[in-house]
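Asks: First the structure, then my questions, so here it is.
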Ligand code: PMP
């Protein structure tokens, strides 16, 4: 080990550029300007190495639901580190936090989802879903049911399986050859793809694509349909209310398993414990991560209902799947404490009844009339804003104008973290945000929309 002197921002940036390859990043262009060094955080605020404060409109990466700096979560980790920092759950052993966390997840998930498999990340949870649903059918004498149906512009993680299941073309190009037996249908993005119909009819039409796809592939070849209740990384796309109930009806009709990827929507984000409750459907299997521990430690889980659980328990023998960190005691202890905080502080109710409605109305009041804003959609503490060149017609900018990135950079340089998903700007703030903090966040966004307008339109706003 070299004797490393205390670092400042500039030296950290230089060393970062020398040795660190960042995820989803053009390393050459990042290295040319240097990464921003985030040093501390409290509540909804972040600070960088230069002492600049940012309001975090993205909860880190859609995960810090309880906000930063919760001592209870730090203490839970400390206590568990001292008692038992690690032990596996493969070979006839378990540990106290994993037991209690499985029980807590069984209590908060809807319906009969009473059995839980642990993993380390959302992507691992998705791999687990694929393994489980395919093996479920093999164990039930239908080994040909291998196909998973997902949607365009879905995000389901970055392992080969997650990238294959998701509908992100940029990932497909780099992950090829993709996993076989995955098919996709359209996303239910009314503003972008269905404005010639009513929202209701568009929702039904998108769901009916599932039925057409099932019939095209043969129902006896399809294992499951998977979707995010509200697409997150796709740009916060809230489907029409008619969509999910129709998807549920079709899955029931053909006996196909319904998987809800709740990696973003879980743990209060939409105003219910899980997004499927807000959007009105009952899945057979749920993947969850992120908000499970408010991002304080990496942990994910897959919850299954009786249908899958009884097959796995009674017909499978050894299930040849798992991860070193499945049921990690420290991560599980933090997740358990996080669920206790969400419950005891009535955070889900706060999102559903107080701060969610306030946030949704403030975003619309302050950004809805902006000339760049084509459309706003959102639920709970999620919102997506389509940036357009022409407000009246909803015409998008031509492909050479990266309006989302311009806007994101203005936000980042002016004390606000928002994310750009293509030309959609996205909010996903910590669930504990106050009204005053919502106001601050939305005012900052308005100012940055103005700066963006001036850049991309080449004219100042009067
Ligand atoms: N599914 C969804 C819906 C997600 O949003 C994400 C991450 N953004 C994942 C899966 C993958 O999670 P991870 O990055 O923890 O692997």
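Asks: All but one of (1) assigned by TED's automatic domain parsing to the domain that holds residue 268; (2) outside any strand (DSSP E or B); (3) closer than 18 Å to residue 265 by Cβ hold for residue 340, so report the exception by its number.
Replies: Only one criterion in (1) assigned by TED's automatic domain parsing to the domain that holds residue 268; (2) outside any strand (DSSP E or B); (3) closer than 18 Å to residue 265 by Cβ is unmet by residue 340, namely (3).
Asks: Continuing with this model, one more query. Let me spell it out: the conditions are (1) under 26 Å from residue 192 (Cα atoms); (2) crowded, with 23+ Cβ neighbours inside 10 Å, and residue 433 meets all of them except one. Which number is the exception?
Replies: Failed condition: (1).
Asks: Can you spot a residue in the range 188-205 that is within 16 Å of the ligand (Cβ to nearest atom) and surrounded by 15 or more Cβ atoms within 10 Å (Cβ to Cβ)?
Replies: Yes; the residues of the range 188-205 include at least one that is within 16 Å of the ligand (Cβ to nearest atom) and surrounded by 15 or more Cβ atoms within 10 Å (Cβ to Cβ).
Asks: Looking at 116, 99, 133, which one is in contact with a helix residue (DSSP H, G or I) (Cβ under 6 Å, 6 or more places away or on another chain) and modelled with pLDDT of 95 or more?
Replies: Of the residues listed, the single one that is in contact with a helix residue (DSSP H, G or I) (Cβ under 6 Å, 6 or more places away or on another chain) and modelled with pLDDT of 95 or more is 116.
Asks: If residue 184 passes every condition in (1) out of contact with any helix residue (DSSP H, G or I) (no Cβ under 6 Å at 6 or more places or on another chain); (2) within 16 Å of the ligand (Cβ to nearest atom); (3) in contact (Cβ under 8 Å) with a residue 60 or more places away in the chain but one, which one does it miss?
Replies: Of everything listed in (1) out of contact with any helix residue (DSSP H, G or I) (no Cβ under 6 Å at 6 or more places or on another chain); (2) within 16 Å of the ligand (Cβ to nearest atom); (3) in contact (Cβ under 8 Å) with a residue 60 or more places away in the chain, residue 184 misses just condition (3).
Asks: Which condition from (1) assigned to a helix (DSSP H, G or I); (2) touching a residue at least 40 places away in the same chain (Cβ under 8 Å); (3) surrounded by 16 or more Cβ atoms within 10 Å (Cβ to Cβ) is the one that residue 325 breaks?
Replies: It is condition (1) that residue 325 fails.
Asks: Just to be sure I understand the filter: pairs with C-beta atoms under 8 Å, separated by 6 or more residues or on different chains, first member in the range 1-30 and outside the structural domain of residue 419 (by TED's automatic domain parsing), second member modelled with pLDDT of 95 or more and exposed (fewer than 10 other Cβ atoms within 10 Å of the Cβ). Which pairs pass?
Replies: Listed by first residue and then by second, the contacts come to 27/21.
Asks: Name the residues in the range 257-278 that are over 24 Å from residue 418 (Cβ atoms) and crowded, with 24+ Cβ neighbours inside 10 Å, would you?
Replies: Residues satisfying the conditions are 257, 259, 260, 273, 274, 276.
Asks: Residues in the range 41-60 that are within 16 Å of the ligand (Cβ to nearest atom) and surrounded by fewer than 23 Cβ atoms within 10 Å (Cβ to Cβ): how many?
Replies: Total satisfying the criteria: 2.
This table checks each residue for (1) more than 27 Å from residue 295 (Cβ to Cβ); (2) buried (at least 23 other Cβ atoms within 10 Å of the Cβ); (3) assigned by TED's automatic domain parsing to the domain that holds residue 290.
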{"site": "389", "(1), (2), (3)": "yes, no, no"}
{"site": "402", "(1), (2), (3)": "yes, no, no"}
{"site": "415", "(1), (2), (3)": "no, no, no"}
{"site": "427", "(1), (2), (3)": "no, yes, no"}
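Asks: Another question, if that's okay. Kindly provide the set of residues from the range 291-309 that are under 13 Å from residue 337 (Cβ atoms) and assigned to a helix (DSSP H, G or I), ordered by number.
Replies: 292
Asks: Would you pick out the residues in the range 224-264 that are within 11 Å of the ligand (Cβ to nearest atom), outside any strand (DSSP E or B) and free of Cβ contacts under 8 Å to residues at least 60 places away in the same chain?
Replies: Within the range 224-264, 229, 262 meet the criteria.
Asks: Between 320, 353, which is surrounded by fewer than 20 Cβ atoms within 10 Å (Cβ to Cβ), at pLDDT 95 or above and not in a loop (DSSP other than H, G, I, E, B)?
Replies: Of 320, 353, the one residue that is surrounded by fewer than 20 Cβ atoms within 10 Å (Cβ to Cβ), at pLDDT 95 or above and not in a loop (DSSP other than H, G, I, E, B) is 353.
The values are calculated or read from the model by the stated rules, or taken from the named source; none is laboratory data. As the structure is a prediction and not an experimental result, all values here were calculated from the model. So basically every Cβ, Gly included, is an ideal-geometry build from the backbone, and we count neighbours across all protein chains shown.
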